[in-house]
Amino acid sequence: MDSCIFCKIVKGEIPSSVIYEDDNVKVILDIAPSAKGHAILLVKHHVADIFELDAELAGKIFAVVPKVAAAIKAELGCDGMNILQNNGVEAGQTVFHLHIHFIPRWKDDAVNIKWTPGNYADGEAAALAAAIKSRLD
Ligand code: 5GP
Ligand code: ZN
(Lines give C-alpha, C1' and ligand atoms only; values in the text may rest on other atoms or scores of the structure.)
(Ligands and ions follow the chains in the order given, each with its own letter.)
Protein backbone atom coordinates (compact mmCIF):
# COMPACT_ATOMS: atom_id res chain seq x y z
CA MET A 1 0.00 0.00 0.00
CA ASP A 2 1.55 3.27 -1.18
CA SER A 3 0.84 5.38 1.89
CA CYS A 4 1.82 2.73 4.43
CA ILE A 5 5.03 3.44 6.36
CA PHE A 6 5.66 -0.25 7.09
CA CYS A 7 5.22 -1.18 3.41
CA LYS A 8 7.91 1.41 2.67
CA ILE A 9 10.18 -0.15 5.31
CA VAL A 10 9.52 -3.63 3.88
CA LYS A 11 10.52 -2.37 0.40
CA GLY A 12 13.60 -0.61 1.77
CA GLU A 13 12.31 2.83 0.80
CA ILE A 14 12.62 3.88 4.44
CA PRO A 15 15.75 2.68 6.26
CA SER A 16 15.49 0.41 9.26
CA SER A 17 17.73 -1.70 11.51
CA VAL A 18 17.00 -5.21 10.23
CA ILE A 19 17.59 -8.23 12.44
CA TYR A 20 15.87 -10.91 10.34
CA GLU A 21 14.29 -11.20 6.89
CA ASP A 22 12.73 -13.97 4.80
CA ASP A 23 10.09 -14.21 2.05
CA ASN A 24 7.23 -13.36 4.43
CA VAL A 25 8.58 -11.09 7.17
CA LYS A 26 11.08 -8.39 7.99
CA VAL A 27 12.03 -7.95 11.64
CA ILE A 28 13.47 -4.57 12.63
CA LEU A 29 14.33 -2.65 15.76
CA ASP A 30 11.50 -0.35 16.86
CA ILE A 31 12.40 3.30 16.27
CA ALA A 32 10.96 4.34 19.66
CA PRO A 33 11.77 1.32 21.83
CA SER A 34 10.30 0.48 25.21
CA ALA A 35 13.83 -0.71 25.96
CA LYS A 36 16.93 -1.55 23.93
CA GLY A 37 16.21 -4.59 21.77
CA HIS A 38 12.48 -3.86 21.33
CA ALA A 39 11.82 -5.26 17.86
CA ILE A 40 8.85 -5.46 15.53
CA LEU A 41 8.09 -8.19 13.01
CA LEU A 42 6.49 -6.74 9.88
CA VAL A 43 4.47 -8.97 7.58
CA LYS A 44 5.72 -8.30 4.05
CA HIS A 45 2.30 -8.57 2.42
CA HIS A 46 0.17 -5.61 3.55
CA VAL A 47 -2.61 -6.65 5.88
CA ALA A 48 -3.97 -4.16 8.38
CA ASP A 49 -4.40 -6.46 11.35
CA ILE A 50 -4.96 -10.01 12.62
CA PHE A 51 -8.51 -10.00 11.23
CA GLU A 52 -7.15 -9.75 7.69
CA LEU A 53 -4.53 -12.47 8.13
CA ASP A 54 -5.16 -15.88 6.59
CA ALA A 55 -4.20 -19.03 8.46
CA GLU A 56 -1.52 -20.20 6.04
CA LEU A 57 0.41 -16.92 6.21
CA ALA A 58 -0.14 -16.81 9.97
CA GLY A 59 1.61 -20.15 10.31
CA LYS A 60 4.63 -18.95 8.36
CA ILE A 61 4.82 -15.71 10.33
CA PHE A 62 4.47 -17.22 13.78
CA ALA A 63 7.09 -19.86 12.99
CA VAL A 64 9.63 -17.02 13.01
CA VAL A 65 8.63 -15.67 16.43
CA PRO A 66 10.42 -18.16 18.77
CA LYS A 67 13.77 -17.93 17.02
CA VAL A 68 13.73 -14.12 16.89
CA ALA A 69 12.67 -14.00 20.56
CA ALA A 70 15.50 -16.37 21.51
CA ALA A 71 18.08 -14.30 19.59
CA ILE A 72 16.98 -11.07 21.27
CA LYS A 73 17.01 -12.71 24.71
CA ALA A 74 20.46 -14.20 24.11
CA GLU A 75 21.88 -10.85 23.02
CA LEU A 76 20.19 -8.60 25.58
CA GLY A 77 20.23 -11.01 28.52
CA CYS A 78 16.72 -9.88 29.46
CA ASP A 79 14.80 -11.65 32.23
CA GLY A 80 11.62 -12.06 30.19
CA MET A 81 9.80 -10.85 27.08
CA ASN A 82 6.32 -9.75 26.07
CA ILE A 83 5.19 -10.76 22.58
CA LEU A 84 2.51 -8.22 21.81
CA GLN A 85 0.29 -7.61 18.80
CA ASN A 86 -2.16 -4.69 18.73
CA ASN A 87 -5.32 -4.65 16.59
CA GLY A 88 -7.38 -1.47 16.33
CA VAL A 89 -7.03 1.99 17.82
CA GLU A 90 -8.64 0.93 21.09
CA ALA A 91 -6.08 -1.84 21.42
CA GLY A 92 -3.22 0.59 20.98
CA GLN A 93 -2.49 0.04 17.29
CA THR A 94 -0.95 3.12 15.69
CA VAL A 95 0.41 1.67 12.44
CA PHE A 96 -2.23 -0.21 10.50
CA HIS A 97 0.04 -2.80 8.92
CA LEU A 98 0.19 -6.03 10.89
CA HIS A 99 3.21 -6.31 13.17
CA ILE A 100 4.29 -8.21 16.26
CA HIS A 101 6.23 -6.57 19.09
CA PHE A 102 9.11 -8.27 20.92
CA ILE A 103 9.50 -6.36 24.20
CA PRO A 104 12.48 -7.40 26.34
CA ARG A 105 11.69 -7.23 30.06
CA TRP A 106 13.83 -6.75 33.15
CA LYS A 107 12.95 -6.88 36.83
CA ASP A 108 11.56 -3.48 37.90
CA ASP A 109 11.72 -2.01 34.36
CA ALA A 110 9.52 0.88 33.19
CA VAL A 111 7.22 -1.16 30.93
CA ASN A 112 3.63 -1.42 32.14
CA ILE A 113 1.34 -4.06 30.60
CA LYS A 114 -1.30 -4.63 33.25
CA TRP A 115 -5.08 -4.86 33.69
CA THR A 116 -7.43 -5.11 36.61
CA PRO A 117 -8.56 -8.76 36.92
CA GLY A 118 -12.32 -9.15 36.44
CA ASN A 119 -14.65 -12.09 37.10
CA TYR A 120 -17.66 -14.00 35.74
CA ALA A 121 -21.04 -14.64 37.33
CA ASP A 122 -22.07 -18.29 37.80
CA GLY A 123 -22.45 -19.93 34.39
CA GLU A 124 -21.40 -16.83 32.48
CA ALA A 125 -17.99 -18.15 31.42
CA ALA A 126 -19.47 -21.45 30.19
CA ALA A 127 -22.17 -19.65 28.18
CA LEU A 128 -19.70 -17.23 26.65
CA ALA A 129 -17.24 -20.02 25.82
CA ALA A 130 -20.03 -21.96 24.10
CA ALA A 131 -21.12 -18.89 22.14
CA ILE A 132 -17.61 -18.20 20.88
CA LYS A 133 -17.01 -21.89 20.21
CA SER A 134 -20.12 -22.03 18.01
CA ARG A 135 -18.51 -19.41 15.74
CA LEU A 136 -15.49 -21.68 15.31
CA ASP A 137 -17.41 -24.85 14.38
P1 5GP B 1 1.57 -0.19 17.38
O2 5GP B 1 1.26 0.86 18.41
O3 5GP B 1 0.87 0.07 16.08
O4 5GP B 1 1.37 -1.59 17.88
O5 5GP B 1 3.14 -0.09 17.14
C6 5GP B 1 3.75 0.66 16.15
C7 5GP B 1 5.22 0.68 16.45
O8 5GP B 1 5.92 1.05 15.29
C9 5GP B 1 5.61 1.68 17.55
O10 5GP B 1 6.26 0.99 18.61
C11 5GP B 1 6.53 2.65 16.83
O12 5GP B 1 7.60 3.10 17.64
C13 5GP B 1 7.01 1.85 15.64
N14 5GP B 1 7.34 2.66 14.49
C15 5GP B 1 6.55 3.61 13.93
N16 5GP B 1 7.17 4.16 12.85
C17 5GP B 1 8.37 3.50 12.74
C18 5GP B 1 9.44 3.63 11.81
O19 5GP B 1 9.45 4.44 10.89
N20 5GP B 1 10.50 2.78 11.99
C21 5GP B 1 10.53 1.86 13.01
N22 5GP B 1 11.64 1.09 13.10
N23 5GP B 1 9.53 1.73 13.91
C24 5GP B 1 8.46 2.54 13.76
ZN1 ZN C 1 1.60 -1.72 4.73
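The values are calculated or read from the model by the stated rules, or taken from the named source; none is laboratory data. From a predicted model like this one, the values you see are computed outputs, not experimental measurements. Using ideal geometry, Cβ is built from the backbone for each residue, glycine included, and neighbour counts are taken over all protein chains shown.
With the checklist (1) at pLDDT 95 or above; (2) surrounded by fewer than 17 Cβ atoms within 10 Å (Cβ to Cβ) in hand, flag the one item A110 doesn't pass.
Condition not satisfied by A110: (1).
Under 30 Å from L136 (Cβ atoms) and at pLDDT 95 or above: is that true of G77 in this structure?
Against the criterion (under 30 Å from L136 (Cβ atoms) and at pLDDT 95 or above), G77 does not qualify.
What number of residues within the range 23-40 are surrounded by fewer than 12 Cβ atoms within 10 Å (Cβ to Cβ) and in contact with a Lys or Arg (Cβ under 9 Å, 6 or more places away or on another chain)?
Matching residues across the range 23-40 total 1.
Would you confirm whether any residue within the range 108-118 is in contact with an Asp or Glu (Cβ under 7 Å, 6 or more places away or on another chain) and on the phi < 0 side of the Ramachandran plot?
There is no residue in the range 108-118 that is in contact with an Asp or Glu (Cβ under 7 Å, 6 or more places away or on another chain) and on the phi < 0 side of the Ramachandran plot.
Just to be sure I understand, how many residues within the range 1-59 are free of Cβ contacts under 8 Å to residues at least 24 places away in the same chain, part of a strand (DSSP E or B) and more than 8 Å from ligand 1 (Cβ to nearest atom)?
Adding up the residues that qualify gives 3.
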